[in-house]
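Structure, as structure tokens:
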Amino acid sequence: MKKILFYLVMLFLLAFISYKAFFYFDRKSEQTEIIKNRKITRLSAREIAQIQEGDFILRRGFGFFSDYISKELNDSLIDVTHAGIITKRNDSIFVIHSLSSDVTEIDGLQIQPLKDFLKYSYPQKIIVTRLKSNDSLIGNKITALAKKYLEKHTPFDHKGNYEDDSELFCTEMIWKILEKDLKSVKIPTELSTRKKFFYSMSPMYDTTYFDIKVNQYKIKNK
């Protein structure tokens, strides 16, 4: 019995060390790409001028984990890996988004200047979408709710439990605001379809729900 317990403890430690090592080297890879691409402008002045309060910004991030998301959680030539909500302060643009403490110093909801958010994106791999709505104030409502979760220091959803609102991963935060808080969209309710919906990036640029305001993939593929 003691030998079995010993092996179980060793397996747990090995798994833990491997997990930490993966994200350590993932961050190293990310930093290398950030430095390599630091002089490249991500959004033009024309593209920035199209951004409004409450828009959603999608980026293709660097690193091994982003590589996995780009391939597994998209179903088209688009390969975005992360999403956030646009907000403005005194004519400056910021992004409210949720990240794991495995890849950033803050676990969960955080706010970041747009220029810093863009540093973590591959050039020409950014999309900005806007909710289809007749409500002219919808953008303000979206950011007000995002700020509420930010003020609560809502942690990152490491377990991926999209029905538990106490923790939120990046797109889960957005769909919670749109589906549950504002009741402005109807998304799948059947269990397997809903699971696939939440574990995918493609709904975030689905024109059923959104108007696409900036699409660098379209520009790139002309």
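The values are calculated or read from the model by the stated rules, or taken from the named source; none is laboratory data. It should be emphasised that the depicted structure is a prediction, and the values quoted were computed from it without experimental measurement. Backbone-built Cβ (ideal geometry, glycine too); neighbour counts: all protein chains shown. Heads up: the accessible areas ignore ligands, DNA and RNA and are worked out on the full protein's heavy atoms, side chains in. Shrake-Rupley method; radii C 1.70, N 1.55, O 1.52, S 1.80 Å.
Scanning the range 67-86 for residues that are in contact with a Lys or Arg (Cβ under 7 Å, 6 or more places away or on another chain) and in contact (Cβ under 8 Å) with a residue 24 or more places away in the chain turns up 79, 80, 81, 82. Note down all Cβ pairs under 8 Å where the first residue falls in the range 91-119 and is within 20 Å of residue 177 (Cα to Cα) and touching a residue at least 24 places away in the same chain (Cβ under 8 Å), the second is of a type in the set (Lys, Arg) and in a helix (DSSP H, G or I), and they're at least six residues apart or on different chains. Cβ pairs passing all conditions: 96/147. Candidates 182, 137, 191, 178: the one that is touching a helix residue (DSSP H, G or I) at 6+ places or on another chain (Cβ under 9 Å), more than 22 Å from residue 104 (Cα to Cα), open to solvent by 30 Å² or more (accessible area, probe 1.4 Å) and not charged (D, E, K, R) is 182.
Given the residues 87, 143, 129, 154, which is the only one that is modelled with pLDDT of 95 or more, among the hydroxyl-bearing types (Ser, Thr, Tyr) and in a loop (DSSP other than H, G, I, E, B)? Can you show your working first?
On the way: 87 fails: in a loop (DSSP other than H, G, I, E, B); 143 fails: in a loop (DSSP other than H, G, I, E, B); 129 fails: in a loop (DSSP other than H, G, I, E, B).
It is 154.
Applying the criterion of being among the charged types (D, E, K, R) and open to solvent by 40 Å² or more (accessible area, probe 1.4 Å) to the residues of the range 117-130, the residue that is nearest to residue 54 (Cα to Cα) is 130.
The requirement of being part of a helix (DSSP H, G or I), closer than 30 Å to residue 147 by Cα, of a type in the set (Asp, Glu) and modelled with pLDDT of 85 or more is not satisfied by residue 30.
Checking the structure you have, find out if any residue of the range 43-53 is open to solvent by less than 70 Å² (accessible area, probe 1.4 Å), acidic (Asp, Glu) and either at pLDDT 85 or above or touching a Ser or Thr at 6+ places or on another chain (Cβ under 9 Å) (or both). Among the residues of the range 43-53, at least one is open to solvent by less than 70 Å² (accessible area, probe 1.4 Å), acidic (Asp, Glu) and either at pLDDT 85 or above or touching a Ser or Thr at 6+ places or on another chain (Cβ under 9 Å) (or both), which makes the answer yes. Where residues in the range 149-170 are more than 18 Å from residue 83 (Cβ to Cβ) and of a type in the set (D, E, K, R), which of them is most open to solvent (accessible area, probe 1.4 Å)? Here the residue is 159.
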